[in-house]
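Written below as structure tokens is the structure these notes are about.
The values are calculated or read from the model by the stated rules, or taken from the named source; none is laboratory data. The structure displayed is predicted, hence computed values, not measured ones. Cβ sites come from the backbone with ideal geometry, for glycine too, and all protein chains shown count toward neighbours.
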């Protein structure tokens, strides 16, 4: 067992929210320590071209962007470390966190920026072609498919929103729904059904995403008859939900029914004093790199005020 390390500001997670929090916290002299988790950079590490983040006029790959974020955080004084938080104890004023089941850290403030993971269908071709036509974010990647036919799988409000978004960029959107009805709200269903360039395929599941090096089509299987059919598309979007990386905090923090951490409106404060949440782990609505970065900034400012008041 190693010695206990005392930290003023601990940041858990290394996506846009975590790195931005680290930049602000370091510049405020909070001496932040950031643990990256198993996937430094988060969901952006599977993104090819990012064209919607300000300041990158020629676009940037997700990994390059996260590398830039890390370098900036380290340059201003953040201590970035590779490691996974395996246990927490938020029952006292000074919060306890264990890294890789051995290193014990006592933190005066904690910023949780562990993100969320897109849910996938679980077929090999979807994984193989991820970033080569397969995406879990239409708002992030839809522009890359302007003028091309695409497919989207999902039946909730998010799937409907993303299908409508794609329908304004693409000549035709093929929407794949597993059952004979959608889970989406009636108003969203009505909008999708009314859109002339969206075709809905009921009772269909994705059998395979087709293509060797990039998406060239999708093979569907009728769940009633087992009949196979193929659609030619160049993009395949999965919109069956996200799972926030919040399980480890469930004994101490409030979360909604799907696991998103609940923060006090207008802030990044959780119900536990000194614990803040930023980025996709608490945002199920926007889920963009730029909004995550913004909430990372908010969390660092909230932490700075908290520390000034209670650890002066």
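Output the residue which, of all residues in segment 281-300 that are touching a helix residue (DSSP H, G or I) at 6+ places or on another chain (Cβ under 6 Å) and in a helix (DSSP H, G or I), is modelled with the lowest pLDDT.
Just the residues of segment 281-300 that are touching a helix residue (DSSP H, G or I) at 6+ places or on another chain (Cβ under 6 Å), to begin with: 287, 289, 292-293, 295-297, 299-300.
Filter once more, keeping what is in a helix (DSSP H, G or I): 289, 292-293, 295-297, 299-300.
Details: 289: 92, 292: 96, 293: 97, 295: 98, 296: 98, 297: 98, 299: 98, 300: 98.
The residue in question is 289.
Which residues, taken from segment 166-195, are surrounded by 17 or more Cβ atoms within 10 Å (Cβ to Cβ) and not in a loop (DSSP other than H, G, I, E, B)?
Answer for segment 166-195, where residues must be surrounded by 17 or more Cβ atoms within 10 Å (Cβ to Cβ) and not in a loop (DSSP other than H, G, I, E, B): 166, 167, 173, 174, 175, 176, 188, 189, 191, 192.
Just for strands (runs of 3 or more DSSP E) wholly inside segment 37-105: which have at least 2 residues that are in contact with a helix residue (DSSP H, G or I) (Cβ under 9 Å, 6 or more places away or on another chain) and in the same structural domain as residue 26 (by TED's automatic domain parsing)?
79-81, 85-89
Just checking, how many residues over segment 129-146 are surrounded by fewer than 17 Cβ atoms within 10 Å (Cβ to Cβ) and modelled with pLDDT of 95 or more?
Of the residues in that region, 1 qualify.
Counting only residues that are free of Cβ contacts under 8 Å to residues at least 60 places away in the same chain and not in a loop (DSSP other than H, G, I, E, B), which one in segment 106-127 is surrounded by the fewest Cβ atoms within 10 Å (Cβ to Cβ)?
Of the residues in segment 106-127, the ones free of Cβ contacts under 8 Å to residues at least 60 places away in the same chain are 122, 124, 127.
Checking the rest, the ones that are also not in a loop (DSSP other than H, G, I, E, B) come to 124, 127.
On the way: 124: 9, 127: 13.
Looking at the filtered set, the residue picked out is 124.
Residues being closer than 30 Å to residue 260 by Cβ and outside any strand (DSSP E or B): count how many of those fall in segment 224-240. Write out each step before concluding.
Filtering segment 224-240 down to residues closer than 30 Å to residue 260 by Cβ leaves 235-240.
Pick out the ones that are also outside any strand (DSSP E or B) and you get 239-240.
Qualifying residue count, segment 224-240: 2.
Filtering segment 283-312 down to residues that are in contact (Cβ under 8 Å) with a residue 60 or more places away in the chain and surrounded by 22 or more Cβ atoms within 10 Å (Cβ to Cβ), which residue is farthest from the chain's Cα centre (by Cα)?
303
Give the residues of segment 147-164 that are surrounded by fewer than 20 Cβ atoms within 10 Å (Cβ to Cβ) and either at pLDDT 95 or above or in a strand (DSSP E or B) (or both), sorted by residue number.
Scanning segment 147-164 gives 147, 148, 149, 164.
May I ask you to say which residue of 46, 36 is surrounded by fewer than 23 Cβ atoms within 10 Å (Cβ to Cβ), in contact with a strand residue (DSSP E or B) (Cβ under 6 Å, 6 or more places away or on another chain), touching a residue at least 12 places away in the same chain (Cβ under 8 Å) and within 22 Å of residue 243 (Cβ to Cβ)?
On the way: 36 fails: in contact with a strand residue (DSSP E or B) (Cβ under 6 Å, 6 or more places away or on another chain).
Residue meeting the stated conditions: 46.
Taking segment 203-237 only, how many residues are farther than 22 Å from residue 139 by Cα and more than 28 Å from the chain's Cα centre (by Cα)? Step through it out loud before you land on a result.
First pass over segment 203-237, keeping only residues farther than 22 Å from residue 139 by Cα: 203-205, 207-208, 210-213, 219-231.
Of the ones still in play, those that are also more than 28 Å from the chain's Cα centre (by Cα) are 203, 221-231.
The total comes to 12.
Among the residues of segment 136-146, which ones are within 17 Å of residue 289 (Cβ to Cβ) and part of a helix (DSSP H, G or I)? Walk me through how you get there before you give the answer.
Step one: list which residues in segment 136-146 are within 17 Å of residue 289 (Cβ to Cβ), which gives 136-144.
If the condition is that a residue be within 17 Å of residue 289 (Cβ to Cβ) and part of a helix (DSSP H, G or I), then 138, 139, 140, 141, 142, 143, 144 are the ones that fit.
Taking the stated definitions as given, is residue 263 crowded, with 24+ Cβ neighbours inside 10 Å, assigned to a loop (DSSP other than H, G, I, E, B) and outside the structural domain of residue 172 (by TED's automatic domain parsing)?
Details: crowded, with 24+ Cβ neighbours inside 10 Å: yes; assigned to a loop (DSSP other than H, G, I, E, B): yes; outside the structural domain of residue 172 (by TED's automatic domain parsing): yes.
Yes, satisfied.
Given the condition part of a strand (DSSP E or B), at pLDDT below 95, in contact with a strand residue (DSSP E or B) (Cβ under 8 Å, 6 or more places away or on another chain) and within 30 Å of residue 146 (Cβ to Cβ), answer yes or no: does some residue in segment 241-249 qualify?
yes
Here is a yes/no grid of residues against (1) in the same structural domain as residue 98 (by TED's automatic domain parsing); (2) surrounded by fewer than 16 Cβ atoms within 10 Å (Cβ to Cβ); (3) free of Cβ contacts under 8 Å to residues at least 40 places away in the same chain:
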| position | (1), (2), (3) |
| --- | --- |
| 215 | no, no, no |
| 225 | no, yes, yes |
| 232 | no, yes, no |
| 252 | yes, yes, no |
